[in-house]
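These notes concern the structure reproduced below.
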Amino acid sequence: MELYTIIFYVFAVITLGAAAIVVFSRNIVRAAFALLFAFFGVAGIYVFLLADFIAVTQLLIYVGGITVLVLFGVMLTNRQVSVDIKTGTMQTLPAVILTSALAGTLIGIFWSTDWRVTAQPLASETTASALGELLLGPYVLPFEVASMVLMVALVGAAMVARREKKPS
Amino acid sequence: MMLTSILESIATFVPETVLVATFCVTLVSGLIARRKPAVPAALAFVGMLVTLWAVLQQAGTDRTIFSGLLAVDPFAVFFKGIVTVTTLFILLFSYFSTEVQTSVRRLAEYYALITAMALGMFLMAGANNMLMMVLGMELTSLSSYILAGFTKEASDSSEASLKYIIYGALSSGLMLYGISILFGLTGTLGFADLNHAIANAVPNYFALLVATILIIAGFGYKISAVPFHFWTPDVYEGAPVTITAFLSVASKAAGFAMLMRFFKVVFIDTSVLALPAGMWASLYGFEWNKLLAVLSVLTMTLGNLVAVWQNNLKRLLAYSSIAHAGYMLMGIVVLSDKGLAAVLLYFIVYLFMNLGAFYVVMLVADRTGSEDIDSYKGLGYRAPLLGVAMAIFLVSLTGLPPTAGFIGKLYLFAALLDARWIWLAIVGAINSVISLYYYARVFRNMFLRDPEGQATPVSIGRAQTVLLLVLLVPTLLFGLYFSPLVDLANASLVMVGVR
């Protein structure tokens, strides 16, 4: 086995293992820390896809920013740190049937389909400048709309979180 | 080169630009005029009027802008018009709604988010690329999650908001997964390019089918089609009535616009010519329309059958709106221009009758404090105008003459019979009969039952009466004089990239 393949599997195992801990852990702090490793593993896979800019963004924003924010959020609402969140499972049988059917279908598709692959070599060694030109050229509209989506999320979060004065 | 094309695109992007400006101005005005909730309301209303003007200016345009990402064609303009008119009505409803006006400190955000939601729906109506589709949907959904939980003092409002987010996250996840499969098959996200890619090389049929089903999950969630409807009753009941009415008309219209454009542009087979005028064929006989037919039958049947048991009027109208999504899906199943025109026509009619019904529910709830069907006992005598108006809206929702709802249903069924989808037409007709039963329960309470105990008259102000008449008159008028609507619907079928 090539070194390349081995490293890929290492990252895959990190991602999946950490994701499993996020889902199954009953302790929210542990889940938040596991999320950090899941994001890190995904960043590694981006590197394998030669998406250097996305990989760095993933590290900076998800691993560095979002996970830390999640941890802060968890710790500041400290009443919940010691409390086990309700993680009961209901409707196990239908859920198992549905998810395994879906998983089976998707795995089947991934094995059987001829995915469209391009033989073109990459235009340049780094993708950042090409991405920048695309984002401010043909894709300027999605770029701007995304800022609007974030703005709405921000306003909404402030609105939901703001303390109301008790009506006197 | 790129710059000139972008500048040119911006010139055809006026309505959306006005909406963004309205959003910002409304938001900031709330910070300046803290104690005057009328200021943001007025700004939002003026902004929407300007938007309406800008949308009307676009009539007749038929092109794509921003490198083909967004279509500005009669089809998109039609749905933008529907969304704008609905938004104007909702702003007026909000102004009269006690439920909304009690949260003075958050009103500016409320109005701003309504304009943001309208922007999201504009993008959905024009999306000619799956990227724009997803972004428009996310913008609409995010705003509506927050607005559904607007009256956060009420626990059912917060519950509605949370349920909405969870279902929304799941279905947009499914949809994105479907889109990723489609991208893997074709290597493109643009609708027209997808059509070429699928037409030129037969993809893995099974993968295409699964991708389509996953994408339908996203659409189904937006138009609340069964089995993606679970959020609808709880959200409609928990959200403020104004937002419920907004979701039931505008959000559904945008979802339908996206669905129709996606299926028509991506799967149309332009090489098949031996068809009657106004019909089209699907690529490789890929029968996505059969999927939608199943969805349509499930949606209307479940919506109508469950509505029979509802005692909360908002919940009843929620199930009725699910059923209406089912009726409208029938128009898409037939793969004909006539079917699509019927759906467009239905939306004009649906706008007035459904907003009207929700408006009456809002007025009654503000005065009696109850949305329960029992609180409508004797309403016909306590508030004759409200009672009669509600009766007319409900008759129209059932689809009986001489109301506009009849015309909507008539054209839908005519399109079905034209395309020989007899069994679906029969199912639709049976469903209309079932729906009469639960609408009739409301009539019976309003006119044939005496009020229990408190026979207090329910009175409404002059402005509220005018607004009620603005909704009521078209509901009756369009039942008798509808040829301009039919012409409008037929003229609005033009989609960019499809001849």
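The values are calculated or read from the model by the stated rules, or taken from the named source; none is laboratory data. Since the structure is predicted, the reported quantities are computational estimates derived from the model, not experimental observations. Cβ: placed from backbone, ideal geometry, glycine included. Neighbour counts: every protein chain shown. Ligands, DNA and RNA are stripped out before the accessible areas are found, and what is left, the full protein with its side chains, is counted by its heavy atoms. Shrake-Rupley method; radii C 1.70, N 1.55, O 1.52, S 1.80 Å.
Observations on the structure shown:
- Just so you know, the averaged projected area of the alpha carbon convex hull for region A:7-51 sits at 2.7 nm².
- Computed over neighbours whose Cβ is under 13 Å from that of B:Leu259, the net charge equals +4, Lys and Arg +1, Asp and Glu -1.
- With every protein chain in place, the protein assembly as shown: carbon and sulfur % of accessible area (1.4 Å): 71 percent
- As computed over region B:194-350, the Cα convex hull volume per residue (Å³): 103 Å³
- Across all Cα pairs in region B:294-499, the calculated P(r) in 10 Å bins from zero up to the longest distance comes to 9, 34, 33, 17, 6, 1, 0 percent per bin.
- For residues of A:45-52, the mean tally of beta carbons on other chains within 10 Å: 0
- For residues of A:133-144, the mean tally of beta carbons on other chains within 10 Å: 5
- Computed over chain B, the P(r) tail beyond 32 angstrom holds 38 percent of alpha carbon pairs.
- Take each residue of peptide A:106-113, count the partner chain Cβ atoms within 10 Å of its Cβ, and average: the result is 4.
- Per residue, the convex hull volume that the Cα atoms of region A:29-80 enclose (Å³): 43 Å³
- Stokes-Einstein D in µm²/s, Kirkwood radius over Cα pairs - the protein assembly as shown at 4 °C with 1.567 mPa s viscosity: 49 µm²/s
- Stokes-Einstein D (µm²/s) once Rh is taken as the Kirkwood radius of region A:1-91 over alpha-carbon pairs, at 25 °C in 0.890 mPa s: 172 µm²/s
- Checked against a 29 Å cut-off, the cross-linked pairs B:Lys290/B:Lys314; B:Lys314/B:Lys409; B:Lys222/B:Lys377; B:Lys252/B:Lys290 give Cα-Cα distances beyond that limit for B:Lys290/B:Lys314; B:Lys222/B:Lys377.
- Spatial offset of region A:1-74 relative to region B:176-225 amounts to 28 Å, using the alpha carbon center of each.
- Largest first and in whole Å, the equivalent-ellipsoid semi-axes of region B:137-218 read 36, 12, 7, each the square root of five times a Cα gyration tensor eigenvalue.
- In this structure, B:Leu56 and B:Thr465 have a Cβ-Cβ separation that, at R0 = 25 Å, corresponds to a calculated FRET efficiency of about 0.35.
- Using a Förster distance of 35 Å, the FRET efficiency for B:Thr270-B:Ala169 (Cβ separation, nearest 0.05): 0.40
- Counting charges near B:Ala116 (Lys, Arg +1; Asp, Glu -1) among other residues having Cβ under 14 Å from its Cβ returns a value of -4.
- Part-to-part distance (alpha-carbon centres) for region B:455-499 and region A:94-134, which is given in Å: 46 Å
- For region B:1-28 versus region B:314-384, the gap between their alpha-carbon centres in whole angstrom: 34 Å
- Summing Lys and Arg as +1 and Asp and Glu as -1 over all other residues whose Cβ lies under 10 Å from the Cβ of B:Gly187 gives a net charge of 0.
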